[in-house]
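Trainee: My questions will all concern the structure given below.
The values are calculated or read from the model by the stated rules, or taken from the named source; none is laboratory data. The structure displayed is predicted, hence computed values, not measured ones. Here the Cβ positions follow ideal geometry from the backbone for every residue, glycine too, while neighbour counts run over all protein chains shown. Just so you know, the surface numbers come from the protein's heavy atoms only, side chains and all, with ligands and any DNA or RNA stripped out. Shrake-Rupley method; radii C 1.70, N 1.55, O 1.52, S 1.80 Å.
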Amino acid sequence: MSNFFVSSIGKKFVLSLTGLFLILFLVVHLSVNVLIVFDSTGKLFNQAAHFMDTNPLIGIIEPVLAIGLVLHLVLATIITAQNQLLRDVNYTGNKRYQKSNTRENSSWASRNMYVLGTVILVFLVIHMINFFWKIKVTGDPLLNEATGLEPGVKNAYALVTGLFVQWKWSVLIYVIGAIALGLHLYHGVWSAFQSLGWSNRKWRSILSIIGIIVSLIFAGGFAFIPVFVLIQDMVC
Amino acid sequence: MKLTLKVWRQHSPKDKGRFEEYILQNASSDMTFLEMLDALNEQLISQDKDPVAFEHDCREGICGCCAMMINGRPHGPNAETTTCQLNMKAFKDNDTIVIEPWRARSFPVIKDLVVDRQAFEKIMEAGGFVHMDTGSAPEANTLAVPKGKADEAIEAASCIGCGACVAACKNASAMLFVAAKVSQYALLPQGKPEGGKRAWNMVAKMDELGFGSCTNTGACEVECPKGISLAHIARLNREFIKGGFITLVAEEE
Amino acid sequence: MTILNSKIPQGSLSQKWTNHKNAMKLVSPANKKKLDIIMVGTGVAGASAAASLGELGYNVKVFCYQDSPRRAHSVAAQGGINAAKNYRNDNDSNYRLFHDMIKGGDFRAREANVYRAAEVSNAIIDQLVAQGVPFAREYGGHLTTRSFGGVQVSRTFYASGITGQQVLLGSYAALKRQAAKGSVEMYERRQMLEIVVKDGKARGIVCRNLVTGQMERYSANAVVLATGGYGTIFFLSTLAVNSSGAAAYAAYKKGAFFANPSFIQIHPSCIPQMNEYQSKLTLMSESLRNDGRVWVPKDKGDKRSPDQIPEEERDYYLERRYPAFGNLVPRDIASRAAKERCDAGYGVGETGFAVYLDFSDAIKAQGEKMIKNKYGNLFDLYGKITGEDPYKVPMKIYPAGHYTMGGLWVDYNLMTTIPGLFAIGEANFSDHGANRLGASSLMQGCGDGYFILPYTIGNYLADEIKTKKLTTDDQAFDIAEKEAKERIQRLMNIKGNTSALAFHRALGKIMWDHAGMTRSEEGIKEGLKKVDDLEDRFYKDLKITGTTDSMNQPMERALRVAANFEISRLMLRDAMNRKESCGAHFREEHQTEEGETLRNDRDYSYVAAWEYLGERKEPKLHKEELKFEAVEVSQRSYK
Ligand SMILES: Cc1cc2nc3c(=O)[nH]c(=O)nc-3n(C[C@H](O)[C@H](O)[C@H](O)COP(=O)(O)OP(=O)(O)OC[C@H]3O[C@@H](n4cnc5c(N)ncnc54)[C@H](O)[C@@H]3O)c2cc1C
Ligand code: SF4
Ligand code: FES
């Protein structure tokens, strides 16, 4: 059994499970964030953010999530490095193929999962510095603006909208991040099911449609929020 | 039909190899791709040059000998077609065609376009069979096999072992090849009893021999001359994972 | 008088094999480990034999020229494999299968061997199914069958249109299992050039490593040739382009007799030659004649497209001439009938050398889906090669060289006239007489390999335990290697202007014209002369470039072409000698008024086995008289 996690399929087994698990996080995250769109007073969002911040269950899930993410990253790195370093170069030191028409046989996203993952990771770091770090550690004057809610509830809404309004170019970063996430999911979702062996001829097309829907929802959702905030600000 | 051919030439496994360019004046659109290479070799022989080595035998798409990268695609541009079945109608007058051998760490070049596919043999030896000795078989109709399963097993079993899947794969993974065999046996009652173990052994061998791991790009399926489906890879994954858990929990297999 | 001893066991036909098995000597497990067997060839015959012998505990060394045993030309067989299972309850039996083969072979095969082939047929299907060969099934999950030519029962098991591949992969898998275990050693990419004979017994081989160009020596207690047929003698044939009779020829040169060399099957349904560059003809399986109807227009030179020709202006000539068997007459008959129509000017297609194989009635009756299910990959194959859609336009087909019934003479134990040298599968002559019935070659190959040779070779080896091991530095090896090297050097040194490919093409044309579907005394004489002339030119004008120390495929071909000259002469001489028509051998001088074969049982009811007496020397004819006890020899009729 120890060989399981060393074998190529075993590694992908874990990669897929963690990938699917991380989608769960995205679901929660997006459902909280859309509240920004539905309530321009920020009440709902702040309430939800407070709940996430203080709920003990979330407190437990958070480190698990972090472990999942790290596992996902580490395995993806190992798999990619092995594929690249060990296999993808030709033994005589030549380029693998002088001419290679991979466009004809596979999607760009599927061939560039690691690149997309890296973009997402970079984005994630920026994103964390912008919000997570401020809310949890350093604090920010915006957080303390009156919320109209019970005391102790931070005004995360002000922090979020403030960022997009003050630094308009940051919207672009968020849109790029969302697109990278979408492309990653476009291949990632069905691929995870495939690697877990939960696919067959019938389910394959269903799973890839699910993958497309999931990727559209998250890419669209996460890109829409900053754009919405920006437009809202410009219109008002 | 006039063609410019950029062909990989490598005298021996140790030779570094290089592309050489040849002009073939008298190609015809009626030729198959290999007949075009025959014509090139006739030309090279008449010029006292070493003919291009390439593998071929049946010339009808079933033996799996022929194997080359044509303009960046294994077996050339046509779907579900081996190199030997590829018609020169797929090319135009004055085209330049780049011809390369399969390239993967586990497929070293022997000469020119010929690579060593022994790694496939080793994978087969690791488990691509049913343990049964001649003479020990029960009456053929003892076990019924649902027609659907039998048909799917034939599809999986139609793999010709050409290696195009490895050549196409950016990871040089042999998953489609391994999956075709594991899936065939997994679908049939005769192969079922040792299913998980087979998947386990064949994948371990595949990993050991330096094939990459599958990232589900699907390139292999598109380039496979027999149209072997990715669904078989899913079945292989299933068999492997099942096999893994069985060894984890069961006392004995 | 003949020195041939076919060693047919005593007893009634159905008891012979059983009696023989009971009487054969055994080798103990401990002794098996001490015995080496060389197996040249990994088709269904070679792979199944090697795997079975490995299972028994012998040390087996296996050779093939491809990079993997799985690529042997058996892989190309399409249609199916016969067995007398009688699953259809159509009153099939071992006897009936035997009788069909004897009759199909036009009473020129050895009765006892054919009966045994039929007798072991059922066990083969059991064996293959247990190996995981995915044969076609009924909806209920049981095995299904289809009909083949020359037969009135449905006994052909199949796996879509890729039966040969599946059957071969079954034995290949068994072989791989033994290779993993170490009882079988694999030597791929080796071209066997010489058989080493020591003290009158076959004791080893010399082969060329196709990668390094080095000569290699291997010794053993017995050598088995499973090297397939020599249909590439016609250059264009349904065989793999690298298959040849060169290995059998090497055995012949060392003293193994060559039997019935002129019996070569021309398969009626192949995709016609389309242009002068063509290097290979592709078979369209005989199984298609189950549902396809063969026809030509009733009017000479009718150039209308097939759908423009109304029903009443079509000549379904097979149904017309042979109402009882219709489109399913044996191959030789169907081939000649096609040739007759085309020669008379009724042929279709651009060249006029093709007939239609039409599925429109079957598609109407059964639906396209059903036809696709039965023949999908054959239709695809046809479409790919011709660019036409056979679901819409009738296929165009024409006969092409396909299978060699002739081969090395073997006795009932499958041993050649050189003790210790065995021949199995298509390489021997034994089971098909003057014409082979469809789906019976995979059957023979598997039978020889799984169930016959493993017993009979033991019977021989039981006495060999006492014989001293032969080391490869023995003088016999030196001589053999020297011969092989000289042969190559001779070819390399010619330095002429014509490639081996061009010579092969030219020789093929001569053989097709003079020893093809029909033969005549005049034609044969002319053919012999042309072969000699071409050979003279070959040794003056051959050009091989490249080196001998690495892969050199034109050189490999040159070696095969060199052997082909001798085999060609042998074929022509055999055809000349046999002044009768039987099966695939059709002498124009000997035909009935209706143009059917006219046998001469009084003078030619024998196997012609030829003994080599030297390069270009007239070989010596030995006759094995054929006695028929269980069948009544009759004029073959499929009307
Ligand atoms: C297109 C086609 C379709 C057919 N369809 C059917 C069918 O439906 N049913 C049926 O029963 N039969 C069919 N046949 C006939 C049947 O496939 C063959 O007769 C049979 O498979 C021969 O098997 P074999 O083992 O004797 O030889 P092969 O499979 O021809 O194998 C020959 C082996 O010998 C090796 N070899 C040869 N020479 C040398 C050498 N000098 N040195 C080293 N190795 C050598 C080769 O590497 C190869 O491994 C078909 C044949 C063809 C061509
Ligand atoms: S899976 Fe397809 S591409 Fe890969 S070896 Fe088999 S036939 Fe070739
Ligand atoms: S030569 Fe056999 S598959 Fe191409």
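Trainee: Return the distance in nm (one decimal) between the two label points of a simple spin-label model at residue B:18 and residue C:361, each offset 7 Å from Cα along Cα→Cβ.
Mentor: Reported label-point gap for residue B:18 and residue C:361 is 6.5 nm.
Trainee: Just the number, please: carbon plus sulfur as a percent of the accessible area of the protein assembly as shown, 1.4 Å probe, no ligands or DNA/RNA counted.
Mentor: It is 57 percent, rounded to a whole number.
Trainee: So which aspartates and glutamates can residue C:392 reach, going by Cα to Cα under 14 Å and dropping same-chain residues fewer than 8 places off?
Mentor: Candidates past the 8-residue exclusion: C:307, C:358, C:361, C:368, C:380.
Trainee: Something else: Per DSSP helix of 4 or more residues, -39500 (n - 2.57); summed, then divided by the residues of chain B. What does that give at 222 nm, rounded to the nearest 500?
Mentor: -10500 deg cm²/dmol
Trainee: Give me a single rounded figure for C:45-52: the average over its residues of other chain Cβ atoms within 10 Å of their Cβ. Could the numbers behind the result be given before it?
Mentor: On the way: counts 0, 0, 0, 1, 1, 0, 3, 3.
So the per-residue partner count for this stretch is 1.
Trainee: Multiply the residue gap between residue A:77 and residue A:125 by 0.36 nm, knock off their C-alpha separation, and tell me the result in nm, one decimal place.
Mentor: Additional length available on full extension: 15.5 nm.
Trainee: Please report the net charge: other residues with Cβ closer than 12 Å to the Cβ of residue C:209, K and R +1, D and E -1.
Mentor: Here the count lands on 0.
Trainee: What shape does region C:165-274 take by its C-alpha gyration tensor, where a ≥ b ≥ c are the square roots of the eigenvalues and a/c under 1.5 counts as rounded, a/b above b/c as prolate, and the rest as oblate?
Mentor: It comes out oblate by the Cα gyration axes.
Trainee: Expressed as a fraction of 2.2 N^0.38 Å, the rule-of-thumb size for a compact globular protein of N residues, what is the C-alpha radius of gyration of chain C? If you can, show how the numbers build up before the last one.
Mentor: Numbers: Rg = 23.6 Å, N = 639, 2.2 N^0.38 = 25.6 Å.
Relative to the rule-of-thumb radius for its length, chain C sits at 0.92.
Trainee: Could you name the aspartates and glutamates in cross-link range of residue C:579, using Cα to Cα under 13 Å and dropping any fewer than eight places away on the same chain?
Mentor: C:521, C:522, C:588, C:589, C:601, C:603
Trainee: For the protein assembly as shown, treating each Cα as an identical point scatterer without solvent, what Debye log10 I(q)/I(0) comes out at q = 0.07, 0.08, 0.09 1/Å?
Mentor: For the requested q values the scattering log ratios are -0.68, -0.85, -1.04.
Trainee: Let me ask something additional. So what does residue C:370 come to for accessible area, using a 1.4 Å probe and Å² rounded to 10?
Mentor: Counting only protein heavy atoms, the figure is 90 Å².
Trainee: Follow-up. Can you list the residues, at least 5 places off or on another chain, whose amide H is less than 5 Å from the amide H of residue C:194, using H built in the peptide plane?
Mentor: HN-HN under 5 Å from residue C:194: C:206.
Trainee: Counting only heavy atoms of protein chains, what accessible area per residue, in Å², does region B:43-183 have with a probe of 1.4 Å?
Mentor: 26 Å²
Trainee: In nm², what is the average projected area of the convex hull enclosing the Cα atoms of region C:267-400?
Mentor: Reported value for the Cα convex hull: 7.7 nm².
Trainee: Short version: what are the Cα gyration tensor semi-axes of region B:3-111, square root of 5 times each eigenvalue, largest first, in whole Å?
Mentor: Each semi-axis is √(5λ); the values are 20, 18, 13 Å.
Trainee: Given the -39500 (n - 2.57) contribution per DSSP H run of 4+ residues, what per-residue ellipticity at 222 nm results for chain C, rounded to the nearest 500 deg cm²/dmol?
Mentor: Computed mean residue ellipticity for chain C: -11500 deg cm²/dmol.
Trainee: For region A:121-167 and region A:176-228, what is the separation of their C-alpha centers, rounded to whole Å?
Mentor: 28 Å
Trainee: Kindly work out what percent of the DSSP beta bridges joining two residues of chain C are antiparallel, to the nearest 5.
Mentor: Among the beta bridges of chain C, antiparallel pairing accounts for roughly 70 percent.
Trainee: Regarding region C:475-598, what whole-number volume in Å³ per residue does the convex hull of its Cα atoms give?
Mentor: Expressed per residue, the convex hull around the Cα atoms of region C:475-598 is 122 Å³.
Trainee: Can you give the calculated 222 nm mean residue ellipticity of chain A, where each DSSP H run of n ≥ 4 adds -39,500 (n - 2.57) and the sum is split over every residue, rounded to the nearest 500 deg cm²/dmol?
Mentor: -23500 deg cm²/dmol
Trainee: Still on this structure: Under 22 Å between C-alpha atoms is the cut-off here; go through region C:22-139 and count lysine pairs that meet it, provided they're at least eight residues apart or on different chains.
Mentor: Here the count comes out as 6.
Trainee: Here is a follow-up. Restricting to the protein assembly as shown, what percent of DSSP beta bridges are antiparallel, rounded to 5?
Mentor: For the protein assembly as shown, the DSSP antiparallel bridge percentage is about 70.
Trainee: When each pair of different Cα atoms in chain A is counted once in the 1/r mean, what is the Kirkwood radius in angstroms, to one decimal?
Mentor: Final number for the Kirkwood radius of chain A is 19.9 Å.
Trainee: Sticking with this one: In debye, nearest 20: dipole of the protein assembly as shown around its Cα centre with unit charges on the Cβ of K, R (+) and D, E (-)?
Mentor: Computed charge dipole of the protein assembly as shown: roughly 1340 debye.
Trainee: Counting DSSP beta bridges with both partners in region B:3-111, what percentage is antiparallel, nearest 5?
Mentor: 75 percent
Trainee: In addition: Please list, in chain and number order, the residues 5+ apart from residue B:173 or on another chain whose amide H is under 5 Å from its amide H, with Hs placed from the backbone.
Mentor: B:212
Trainee: Please state, as a whole number in µm²/s, the translational diffusion coefficient that the Stokes-Einstein equation yields for region B:118-252 at 25 °C and 0.890 mPa s, with Rh defined as the Kirkwood radius across alpha carbon pairs. Don't jump to the answer; show the numbers that get you there.
Mentor: Working: Rh = 15.3 Å.
In µm²/s, the coefficient is 160.
Trainee: Classify region C:98-226 from the C-alpha gyration tensor, please: rounded if a/c falls under 1.5, else prolate or oblate depending on whether a/b exceeds b/c.
Mentor: oblate
Trainee: While we're looking at this one, here's another question. Provide the net charge surrounding residue C:318, with neighbours chosen by a C-beta distance below 9 Å and charges set as Lys +1, Arg +1, Asp -1, Glu -1.
Mentor: Net charge in that neighbourhood comes out at +3.
Trainee: Tell me, what is the FRET efficiency for residue A:37 and residue B:26 to the nearest 0.05, using R0 = 60 angstrom and their Cβ-Cβ distance as r?
Mentor: 0.30
Trainee: Would you mind computing, in nm to one decimal, how far apart the modelled labels at residue B:49 and residue A:216 are, each placed 7 Å from Cα along Cα→Cβ?
Mentor: 5.4 nm
Trainee: Further question on the same structure: At a threshold of 8 angstrom on Cα-Cα distance, excluding pairs fewer than six apart, so keeping six or more, what relative contact order does chain C reach in percent?
Mentor: Answer for chain C is 21 percent.
Trainee: May I pose another question? Ranked by accessible surface with a 1.4 Å probe, highest first, in what order do A:99, C:372, A:11 come?
Mentor: Values: A:99 75, C:372 105, A:11 20 Å².
Ranking A:99, C:372, A:11 by accessible area, largest first, yields C:372, A:99, A:11.
Trainee: If you take the charge dipole of chain C about its Cα centre, with +1 on Lys and Arg Cβ and -1 on Asp and Glu Cβ, which of C:475, C:595, C:391 is farthest toward its positive end?
Mentor: The Cα lying farthest towards the positive end belongs to C:475.
Trainee: Run the quick spin-label model on residue C:616 and residue A:133: label points 7 Å from Cα toward the beta carbon, then report their separation in nm to one decimal.
Mentor: Inter-label distance under the simple model: 9.3 nm.
Trainee: Please give the residues of region C:561-575, grouped as numeric ranges, whose backbone N is less than 19 Å from a label point set 7 Å along the Cα-to-Cβ vector of residue C:343.
Mentor: C:572, C:575
Trainee: I want the local charge near residue A:142. Using Cβ-Cβ distances under 11 Å, sum +1 for each Lys or Arg and -1 for each Asp or Glu among the other residues.
Mentor: 0
Trainee: Counting only protein chains, not ligands or nucleic acids, how are C:350, C:486 ordered by accessible area (probe 1.4 Å), most first? It would help to have the intermediate numbers written out before the result.
Mentor: Values: C:350 195, C:486 100 Å².
My answer, sorted largest first, is C:350, C:486.
Trainee: For region A:184-191, in order, what is each residue's ³J(HN,Hα) by Karplus, 6.51 cos²θ - 1.76 cosθ + 1.60 with θ = phi - 60°, in whole Hz (x at glycine and Pro)?
Mentor: Running phi through 6.51 cos²θ - 1.76 cosθ + 1.60 with θ = phi - 60° gives 4, 6, 3, 8, x, 5, 5, 4 Hz.
Trainee: Dipole of chain C, Cα-centred, from +1 at each Lys and Arg C-beta and -1 at each Asp and Glu C-beta, to the nearest 20 debye?
Mentor: The dipole magnitude comes to about 1420 debye.
Trainee: Quick check on my link table: of C:254/C:468; C:7/C:253; B:111/C:485; C:280/C:509, which ones sit more than 18 Å apart, alpha carbon to alpha carbon?
Mentor: Beyond 18 Å between Cα atoms: C:254/C:468; C:7/C:253; B:111/C:485.
Trainee: Still on this model: Rounded if a/c is under 1.5, else prolate if a/b beats b/c, else oblate: with a ≥ b ≥ c from the C-alpha gyration tensor eigenvalues square-rooted, which is region B:187-253?
Mentor: Judged from the Cα gyration tensor, region B:187-253 comes out prolate (a/c at least 1.5, a/b above b/c).
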